[in-house]
Amino acid sequence: MLSRVRARQMSLLTCLVAVLLAMTGLPGVARAAVHRAAAPAAPAATAATKTGPISVAYVEVNTDSMLNVGKYTLASNGANVFDIGVIFAANINYDGTNAYLYFNPQVQSVLDNAATQIKPLQQQGIKVELSILGNHQGAGFANFPSQAAASAFAKQLSDAVTKYGLDGIDFDDEYADYGVNGTAQPNASSFVYLVQALRADMPTKLITLYAIGPSASSLSYNGVDVTSDFDYAWNPWYGSFSVPNIALPASRLAPAAVDFGSTSAGTATSLAQQTVSGGYGAYLTYNLTSTDIHDYISGFTNVLYGSSAVYGTGTPPPPNNQIVNGGFETGNLSGWTTSGAATSVVNSGAHSGTYAARVGGTAPTNGDSGAAQTFTAPSGSTKVSFWYNVTCPDTVTYDWATATLRDNTANTTKTVLAKTCVNPSSGWKQVSASVTAGHSYTLTLTSHDDDYSGDPTYTLFDDVTAS
């Protein structure tokens, strides 16, 4: 992927000029509710609040942590500086026939570890979006061959939002390289079909537009205008003040765009002053890292919110009573109770991160090996999930992986992974089961081997979360 900074240095002459679309009327009641929800609010009535434009932070997760978004607060009352954090970036890829949603390893890791990388921000009252970007393969938002193809990609996006507990999708129509690999050039209908389907799939989630590329100038087709389906639109040119060419009210536009790596503090402050004087409702920033830049940020928060910013060196705490060491990244089995012949932590073949638990052994063992943990489902949680990869050169009659979830509060037990044996191995698969917040549970992960020479069975487990 090319540098985001390099993209901003492209000549304006190489970009398609966005077409100003006239709105036919104010959004209806249902859409108004969506836009009210778009300005994130803290989850607890006692949490600090602020007035003024929302502040948005894109984070390059290839190199930096999403948790940086939650480290800045206002000195006056402790309110969050940033209201929306954007995971930059997933991709729209092309397999030779269809466009598909792709996560590089770093993005996948953030999503798989949502309990520690996303949910802590949400519990602070910060919304978390996923940015979608082209990937030089010819597939983009503006060249779907049919409405059905656009709708299918919209379904992939909404499924990802649901699966990982995200708050919305951000569109960035760059780097598609339309026309390569035999793909089509942009058309007038594609992005309209995509946004229309995505809004239908997730009526209460955020949809935002990084206003660049052919999609940004194709918001109306055959009598259908999707302008009002966007909650916000951002100026894509860092270090500048340019009102996005989309017919949204000022309260849903970010004409100011700041790159922490290249925009001077004085310019950032000036852009904040223009935001306030123009009555605009959002202020966009990019490339937030772990470096403490509270003095720089104070320059624009003093203008936007009447307060300087402070930096917290600690990351936001994870949800109370969540599973301990669910990714086994301590390098040991702390938090887990082991049983049976062979349970260990390995540093190769993990689903994400460096470590995974190996239940069972690479040499034959006799009977069950297991790892169990008792936890209380956190407030707001609805499910427990984990990933497994079973290596079982036998049949399920003799060897298997399995998992159970006991509700200690309700005194019930359910099998969340039925006996499974795959030769040579299953590859990484995810299992989820519903939980009730506040209930005590015991999750038991088991691998069974019949001790037969030559076919040892073992299972890797990783990324155990309650969310």
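The values are calculated or read from the model by the stated rules, or taken from the named source; none is laboratory data. Just so we're clear, the structure is a prediction, and the values are computed from it rather than from any experiment. When we count neighbours, we look across all protein chains shown, and the Cβ atoms used for this are built from the backbone with ideal geometry, even at glycine.
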Quiz prompt | Some residue of the stretch 142-165 being within 27 Å of Trp428 (Cα to Cα), in a strand (DSSP E or B) and touching a residue at least 60 places away in the same chain (Cβ under 8 Å) | solution = no
Practice problem: Have a look at Pro393, Pro378 and point out the one that is assigned to a loop (DSSP other than H, G, I, E, B), within 27 Å of Thr354 (Cβ to Cβ) and under 28 Å from the mean Cα position of the chain (by Cα). | Solution: Pro378
Exercise. Please tell me if Thr267 is polar (S, T, N, Q), assigned by TED's automatic domain parsing to the domain that holds Pro120, in contact (Cβ under 8 Å) with a residue 12 or more places away in the chain and surrounded by 16 or more Cβ atoms within 10 Å (Cβ to Cβ).
Key: yes
Quiz prompt | Considering residues of the stretch 418-448 that are outside any strand (DSSP E or B) and among the hydroxyl-bearing types (Ser, Thr, Tyr) only, the residue farthest from the chain's Cα centre (by Cα) | solution = Ser426
Quiz prompt | Condition broken by Thr208, with the remaining ones in (1) in contact with a His (Cβ under 8 Å, 6 or more places away or on another chain); (2) crowded, with 22+ Cβ neighbours inside 10 Å satisfied | solution = (1)
Practice problem: State yes or no: is Leu253 buried (at least 21 other Cβ atoms within 10 Å of the Cβ) and either touching a helix residue (DSSP H, G or I) at 6+ places or on another chain (Cβ under 6 Å) or closer than 23 Å to Ser158 by Cα (or both)? | Solution: no
Exercise. Report whether or not Val346 is closer than 25 Å to Gly165 by Cβ, touching a strand residue (DSSP E or B) at 6+ places or on another chain (Cβ under 6 Å) and of a type in the set (Val, Ile, Thr).
Key: no
Exercise. Determine which single condition Thr415 fails, assuming it passes every other condition in (1) assigned to a strand (DSSP E or B); (2) surrounded by 13 or more Cβ atoms within 10 Å (Cβ to Cβ); (3) of a type in the set (Val, Ile, Thr).
Key: (2)
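For residues that are touching a Ser or Thr at 6+ places or on another chain (Cβ under 7 Å) and in contact (Cβ under 8 Å) with a residue 40 or more places away in the chain, scanning just the stretch 191-209, find the one that is nearest to Asn93 (Cα to Cα).
Of all residues in the stretch 191-209, those touching a Ser or Thr at 6+ places or on another chain (Cβ under 7 Å) come to 191-193, 197-198, 201-202.
Now narrow it down to the ones that are in contact (Cβ under 8 Å) with a residue 40 or more places away in the chain: 191, 193, 197-198, 201-202.
Details: Phe191: 16, Tyr193: 18, Ala197: 19, Leu198: 18, Asp201: 21, Met202: 22 Å.
Checked the stretch 191-209; the qualifying residue nearest to Asn93 (Cα to Cα) is Phe191.
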Quiz item: Out of all the residues in the stretch 364-373, is one or more in a loop (DSSP other than H, G, I, E, B) and either modelled with pLDDT of 90 or more or within 23 Å of Ser426 (Cα to Cα) (or both)?
Solution: yes
Quiz item: If you take just the strands (runs of 3 or more DSSP E) that sit entirely in the stretch 65-125, which of them hold at least 3 residues that are in contact (Cβ under 8 Å) with a residue 60 or more places away in the chain?
Solution: 72-74, 84-94
